[in-house]
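Here the structure is laid out as structure tokens; the discussion comes afterwards.
Values in this text are rule-based calculations from the coordinates and carry no lab data. All values derive from a computational prediction rather than experimental measurement. No Cβ is skipped: glycine too gets one built from the backbone with ideal geometry, and neighbour counts run over all protein chains shown.
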């Protein structure tokens with residue numbers, strides 16, 4: 001397996017994975033909008049995407065990071081917003097390799113931490129994140145304001 005920082009040249013592979021990721025979270029397939037969304041993130045330099053390739057060079061997983069800043073810590077941080085590995089490629093270490101790439105990238109960019117959120121029902125992801133050193137925040141409550 002190989003991890004690469006994805007760019008516009010990988011947009012078709014990314015779009016397929018991103019659409020499968022959204023379907024995993026019970027969203028309707030929408031390849032056109034997925035491609036447009038990813039192109040905007042890449043072209044506007046608004047996210048960093050790592051792509052996991054198998055031995056044949058086929059894209060099997062990805063993770064997408066968004067920049068974040070901590071005012072109290074006065075440092076950059078990253079939100080690991082999306083992570084997905086194709087069902088048939090799970091349990092082969094792709095998720096671990098993607099997270100290790102995130103860890104290295106965050107260190108190189110002087111980040112204080114990487115933050116993520118996942119559904120409590122996603123037990124496999126929770127186990128992976130804990131195995132890779134992520135800690136559950138028990139001191140803070142997270143809220144969101146939905147803008148319609």
- Message: Which of the numbered conditions does residue 40 fail, given that it passes all the others? Conditions: (1) assigned to a strand (DSSP E or B); (2) more than 15 Å from the chain's Cα centre (by Cα).
- Response: (1)
- Note on the stretch 71-86: residues within 15 Å of residue 6 (Cβ to Cβ) and in contact (Cβ under 8 Å) with a residue 40 or more places away in the chain are 82, 83, 84
- Task: Return the residue satisfying two criteria in turn: it lies in the stretch 1-23 and is exposed (fewer than 12 other Cβ atoms within 10 Å of the Cβ) and in contact (Cβ under 8 Å) with a residue 40 or more places away in the chain, and of such residues it is nearest to residue 85 (Cα to Cα).
- Result: 2
- Message: Against the condition within 22 Å of residue 23 (Cα to Cα) and either touching a strand residue (DSSP E or B) at 6+ places or on another chain (Cβ under 9 Å) or loosely packed, with under 10 Cβ neighbours inside 10 Å (or both), how does residue 108 come out, does it pass?
- Response: no
- Note on the stretch 103-132: residues assigned to a loop (DSSP other than H, G, I, E, B), free of Cβ contacts under 8 Å to residues at least 12 places away in the same chain and more than 16 Å from the chain's Cα centre (by Cα) are 120, 121
- Item | Extreme residue, nearest to residue 25 (Cα to Cα), among residues of the stretch 43-89 that are over 16 Å from the mean Cα position of the chain (by Cα) and surrounded by 14 or more Cβ atoms within 10 Å (Cβ to Cβ) | 89
- Note on the structure: Those residues of the stretch 43-95 that are over 21 Å from residue 133 (Cα atoms), assigned to a loop (DSSP other than H, G, I, E, B) and touching a helix residue (DSSP H, G or I) at 6+ places or on another chain (Cβ under 9 Å) come to a total of 5
